[in-house]
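Participant: Okay, handing you the structure first.
What follows is calculated from the coordinates using simple rules that are stated; it is not laboratory data. Quantities reported herein were computed from a predicted structural model and do not represent experimental measurements. Virtual Cβ from ideal backbone geometry, glycine too; neighbours counted across all protein chains shown.
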Amino acid sequence: MRIELVPSTVGEQAAKQFCIAALVNDSLAIDAGTIGMLWPFERQLQIQHVFLTHSHVDHIASLPLFLDSIYQPGPTCPAVYACPATVKCLREDVFNDRLWPDFIRLSAEESPFLKLQTLTSETTVHLPNMTVTPVALNHVVPTMGFVVQEENCAVGFVSDTNRTDRIWEVLAQVNNLKAVFLECSFPDSHRWLADKSGHLCPELFAEYVRQLPASVKVITTHLKPCFFNQITDDLNRLQLPNVEIGVPGQCYEF
Ligand SMILES: [Zn+2]
Ligand SMILES: [Zn+2]
């Protein structure tokens, strides 16, 4: 399985990710913060499935642009998967003809822009050569983590979340778990903010990492840019084996 954290900077490629998206095998996106900015453009055309964790703008920012840019009249279009609360937000707050044309209504009337699919926690979606299992997390709006599985490899995506148990119970049962992309949004000095905004800080992050088998790699995501150095300092102090700071633009092979 090949995973890329999609960069979100113009000009130089930066270590900081302002909006959130990851590509799996080039054709599946976890979140859509930056997929509408991908270059070369052919890379956008390769994306067939978009799984949204939740409705916050850092995770959906470029979805309207992406769907607009790749649209060609015809029967095929990307499938967008989201939990009921995120689907409601897309219908009412994004594709409402004010913020952006109502691609959902147009998709019913004309050649489709997107196929919207509703996710249920712990109901697996079967794709060719891959399955995706959403698991509810604990954030300020309903949010899904994902377990993406191929025949001999599984990877977890856990963001955005504060304290949560179920995803870790599910991941503990997964065969061939190779890696978890886990959010760590704030430094320990801002744990109050992490708690209030439904995120993790290194101390909490470490509790979950220590429960994983040593063979599972943990890659950080969602570090708030202003706190990037403090978060990485905190993480280094914890000396967690197998933890890497996620690098936008880097390809991870598992
Ligand atoms: Zn969020
Ligand atoms: Zn976020």
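Participant: Set the Förster radius R0 to 30 Å, insert the Cβ-Cβ distance between Leu106 and Ala85 as r into 1/(1 + (r/R0)^6), and round the FRET efficiency to 0.05.
Facilitator: On the way: r = 23 Å, r/R0 = 0.76.
The value I calculate is 0.85.
Participant: Give me the distance in nm between label points sitting 7 Å out from Cα along the Cα-to-Cβ direction at Gln117 and Asp195, one decimal.
Facilitator: The modelled label-to-label distance comes out at 3.9 nm.
Participant: So in segment 93-250, what percent of DSSP beta bridges are antiparallel if you round to the nearest 5? If you can, show how the numbers build up before the last one.
Facilitator: On the way: 14 of 27 bridges.
Of those bridges, close to 50 percent are antiparallel.
Participant: Gain in length, Glu92 to Asn229, computed as 0.36 nm per residue apart minus the alpha-carbon separation, to one decimal in nm?
Facilitator: 45.6 nm is the gain from fully extending Glu92 to Asn229.
Participant: Which residue, Gly36, Gly156, Gly74, has the most motion in a Gaussian network model of the chain that connects Cα atoms within less than 10 Å?
Facilitator: Residue with maximal mean-square fluctuation among Gly36, Gly156, Gly74: Gly74.
Participant: Right, next: Within segment 128-175, report the GluC sites (Glu not before Pro) that DSSP leaves as loop and that have at most 16 other Cβ atoms within 10 Å. Present the calculation step by step, with values, prior to reporting the outcome.
Facilitator: Numbers: sites: Glu150, Glu151, Glu169; in loops: Glu151.
In loop regions of segment 128-175 (DSSP not H, G, I, E or B), the sparsely surrounded GluC sites (Glu not before Pro) are Glu151.
Participant: Would you mind telling me which residue in Phe51, Phe103, Phe227 has the biggest mean-square fluctuation in a Gaussian network model of the chain, where springs connect alpha carbons within a distance under 10 angstrom?
Facilitator: So, out of Phe51, Phe103, Phe227, the one fluctuating most is Phe227.
Participant: Still on this model: So what are the three principal axis dimensions of segment 15-118 from its Cα atoms, in whole Å, longest to shortest?
Facilitator: 41, 28, 23
Participant: Further question on the same structure: Mean-square fluctuation check for the chain, GNM, Cα pairs under 10 Å: which of Leu238, Leu38, Leu23 is largest?
Facilitator: Leu238
Participant: While we're on this one: Please state the Cα pair-distance histogram of segment 131-178 with 5 angstrom bins from zero: what percent is in each bin?
Facilitator: For segment 131-178, the pair-distance distribution reads 5, 24, 33, 20, 12, 5, 1.
Participant: Can you give the direction-averaged projected area of the convex hull of the alpha-carbon atoms in the chain, in nm²?
Facilitator: Working: hull surface 52.1 nm².
The directionally averaged projection comes out at 13.0 nm².
Participant: Just to be sure I understand the model, the point goes 7 Å from the Cα along the line to the Cβ. What's the resulting Arg166 to Ala15 distance in nm?
Facilitator: Each label point lies 7 Å from its Cα, and together they span 3.6 nm.
Participant: Still on this structure, I have one more. When Lys and Arg each count +1 and Asp and Glu each count -1, what net charge do the other residues less than 12 Å away from Ser55, Cβ to Cβ, add up to?
Facilitator: Values: positive: Lys88, Arg91; negative: Asp31, Asp58, Glu92, Asp93, Asp160.
With Lys, Arg at +1 and Asp, Glu at -1, the net is -3.
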